[in-house]
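Colleague: Attaching a single structure in structure tokens format; questions to follow.
The values are calculated or read from the model by the stated rules, or taken from the named source; none is laboratory data. Predicted model only: the values in this text are computed from it and were never measured. Positions of Cβ are backbone-derived with ideal geometry, glycine not excepted, and every protein chain shown enters the neighbour counts. These accessible areas exclude ligands, DNA and RNA; they are computed on the full protein's heavy atoms, side chains included. Shrake-Rupley method; radii C 1.70, N 1.55, O 1.52, S 1.80 Å.
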Amino acid sequence: MPEPRSGRRPLPRRAVLAAAAVGLSTALTSTLSACSTASGSTSSGVTLTFSWWGNDDRAARTEQAVRLFEKEHPGVTVRTSSGDFGAYLQKLATQAAGGGMPDVAQLDYRQVSQYAGGGALMSLDDVMKDKTIRTSEMSSDFLRTGTYKGGQYALPMGRGITGYAYDAAVYKKAGIPTPQPSWTWQDWEKANKRIAALRLKSPDGRPYTGANDGGGNEDVFETWLRSRGGKLYASQTQLGFTEDDLTAFWTFCDRLRREGAIAQARDTVQANSLNSFQVFTPAFVISGGKGGPADSTMFYTLYLYERGFTASHMGYAAAMAWMLLIAIAAITLILFRTSRSWVFYADEEGL
């Protein structure tokens, strides 16, 4: 690699990637073995690509961290990109399939095994062994979230927690005290039932329930498991829960649904209708991009990807993309036009 114009000896690209893993990330990040075409060595140093998910505020703060990293490492330029969680995961999966993943990318701990197992992530064992990356002050349990088959592929630089948002005005009206860290699932159940007992009505006459239905939410299920001493995964290749655990969770949610304490299934389906058009990443990861077994995971978006990037029928894929856009636009318009009849905002009732 040529000397940079400043005369400073450039860092080896492997060392730069290792340093970036520590200096750039605000959450669980990984150095990646595959680089985009924009990445690489230039006459003035090294260019890295870095991507993450999050809102505008997080993006602004991360950009500030990136500028500080560049200041600490003259000759290194970082090109950034970010997006909302769903779009980011779909884009990352597409980049991985095409061999163009960013040099440094944010991953949820549940994705490390998927990408490391597919050869998309660079092992950090050597740079940790020679102290290029120092992890002595990191929790060993926390570090373990970035491992795969005994090797370190990702570094945790932050910790996410599950939050609980509630309508203070409705809670006050129902006589429910402020939720405390000591709350149990039974306390949450009682609160939802007290809200349902108010018999508030939405504009279309539907009952006002205590909470959304979390029965189909993986994060809610993981919280349920952890509160009972369990966990979602026992290892990168083994589930940490049993059929009885899942049955108990779904039975609990179903009972609350039937009692009117949480949202009804039909309302949940209606509110999440557009999500069905965005199913890509789970199907891609499970089937390796092939839609198996027996096309059971060949969703529209995955088929679009297969036609365009695997079979190279770009014209066909482009036509499918336009049809998808038209369908989403039409359904979005219908939802907007009809939302006042099935969306209830508490402040409209003076709560």
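Colleague: Of the conditions (1) at pLDDT 90 or above; (2) aromatic (Phe, Trp, Tyr); (3) in a helix (DSSP H, G or I), PHE50 clears all except one; give me its number.
Modeller: The one condition PHE50 does not meet is (3).
Colleague: Follow-up question, since we're still on this one. Checking the condition at pLDDT 85 or above, of a type in the set (Ser, Thr, Tyr) and either closer than 26 Å to LEU232 by Cα or open to solvent by 50 Å² or more (accessible area, probe 1.4 Å) (or both), which residue from THR77, THR42 passes?
Modeller: After ruling out the rest, the residue left standing is THR77.
Colleague: Answer yes or no as to whether ASP84 is exposed (fewer than 13 other Cβ atoms within 10 Å of the Cβ) and touching a strand residue (DSSP E or B) at 6+ places or on another chain (Cβ under 7 Å).
Modeller: yes
Colleague: Answer yes or no as to whether LEU324 is assigned to a helix (DSSP H, G or I), open to solvent by less than 50 Å² (accessible area, probe 1.4 Å) and more than 30 Å from SER113 (Cα to Cα).
Modeller: Judged against the criteria, LEU324 is a match.
Colleague: Quick one: in the range 213-225, which of the residues that are in contact with a helix residue (DSSP H, G or I) (Cβ under 7 Å, 6 or more places away or on another chain) and not small (Gly, Ala, Ser) is farthest from ALA174 (Cα to Cα)? Show your work before the answer.
Modeller: Going residue by residue through the range 213-225, those that are in contact with a helix residue (DSSP H, G or I) (Cβ under 7 Å, 6 or more places away or on another chain) are 213-215, 221, 224-225.
Checking the rest, the ones that are also not small (Gly, Ala, Ser) come to 213, 221, 224-225.
Numbers: ASP213: 20, PHE221: 27, TRP224: 25, LEU225: 29 Å.
Looking at the filtered set, the residue picked out is LEU225.
Colleague: Please enumerate the residues belonging to the range 233-264 that are assigned to a loop (DSSP other than H, G, I, E, B), farther than 19 Å from ALA196 by Cα and open to solvent by 40 Å² or more (accessible area, probe 1.4 Å).
Modeller: Correct list: GLN236, THR237, PHE241, THR242.
Colleague: Among the candidates GLY158, GLY216, GLY163, GLY230, single out the residue that is at pLDDT 90 or above and assigned to a loop (DSSP other than H, G, I, E, B).
Modeller: GLY230
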